[in-house]
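The values are calculated or read from the model by the stated rules, or taken from the named source; none is laboratory data. Computed from a predicted model, the values in this text were never measured in an experiment. All Cβ positions, glycine included, derive from the backbone under ideal geometry; neighbour counts span all protein chains shown.
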Amino acid sequence: MTSTLPPDFTLEGYRALIAALMDRGYAVVDFADARPEARHLILRHDVDMSLDAALAVAEVEAAMGFSAHYFVLLRSELYNPFAPAAMTAMRRLLSLGHRVGLHFDGAAHGSDAIDAAVADECALLETLTGAPVTMVSFHRPAAGLLGHAAALAGRAHAYQPRFFSEMGYCSDSRGQWGHGHPLEHPAVADGRALQLLTHPIWWTRTKGEGVVVRLDRFVDDRSRVVKEELAANCEPYRDRGTRM
Ligand SMILES: [Zn+2]
């Protein structure tokens, strides 16, 4: 069986992985429609670093006829969802038929303030995209939030038991299948539902590209954007090459 596993963290590898799950009788469904006992596949993406990478994965899914759920951070140093390019990317995600949810970083909030903070961030994200935010996922969740049964700010979240323990759950954290390949997951062997969490940055590697090399490429891309923005808005920076 191992020799048939799609090996590459590339866009083609992602396409092959989803196709392999389809070959096993799976159907892609949204969180709201997933039944743990069915061959239902939830495609979840936590956008930790790059909306450009998210869009690349989103185009592959749309070409296959599938829609996924993309979870966006509002409080990150790595991208700004209010920037024009980010808003263009999110509008494109929605136009491809995908959903945009809130990727919530609870680190800045006490546990008694999380519900209000989620409500505030969902409202901001809805204003930004013009689309309803129906799902929340946690960024680097505290252990106490895994399996947390209650809704947050009236919304379902990705670590509720029905999505996390009653169905299979598989993640590509740190750019690898740390807890086993999804095609070898017990839920897939049993024909039960699977929540597949992937981070788009890892799937926009070139063939054989290492995790750190990919992240260095991301840093270079961000640096180029910052330099272009400085040159467009700050004359001393724009003219730096012509002055002593
Ligand atoms: Zn995250």
On the given criteria, is Asp52 of a type in the set (D, E, K, R), modelled with pLDDT under 95 and farther than 30 Å from Pro161 by Cβ?
no
Test for Ala119: is it within 14 Å of the ligand (Cβ to nearest atom) and not aromatic (Phe, Trp, Tyr)
no
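Conditions (1) assigned to a strand (DSSP E or B); (2) at pLDDT below 95; (3) within 16 Å of the ligand (Cβ to nearest atom), marked per residue:
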| residue | (1), (2), (3) |
| --- | --- |
| Leu94 | no, no, no |
| Leu102 | yes, no, yes |
| Ala131 | no, no, no |
| Gly144 | no, yes, no |
| Ala150 | no, yes, no |
| Tyr169 | yes, no, yes |
Just to be sure I understand the filter: pairs with C-beta atoms under 6 Å, separated by 6 or more residues or on different chains, first member in region 40-51 and more than 20 Å from Asp30 (Cβ to Cβ), second member aliphatic (A, V, I, L, M) and more than 10 Å from the ligand (Cβ to nearest atom). Which pairs pass?
Met49/Leu78; Met49/Ile201; Ser50/Ile201; Leu51/Ala86; Leu51/Ala89
Take Gly178 and decide whether it is under 19 Å from the mean Cα position of the chain (by Cα), among the small types (Gly, Ala, Ser) and assigned to a loop (DSSP other than H, G, I, E, B).
yes
Region 152-166, residues that are over 18 Å from Arg99 (Cβ atoms) and in a loop (DSSP other than H, G, I, E, B)
Ser165, Glu166
Quick one: is Ala189 surrounded by fewer than 22 Cβ atoms within 10 Å (Cβ to Cβ), assigned to a strand (DSSP E or B) and assigned by TED's automatic domain parsing to the domain that holds Tyr70?
no
The lone exception for Glu37 - which of (1) more than 15 Å from the ligand (Cβ to nearest atom); (2) crowded, with 21+ Cβ neighbours inside 10 Å it fails
(2)
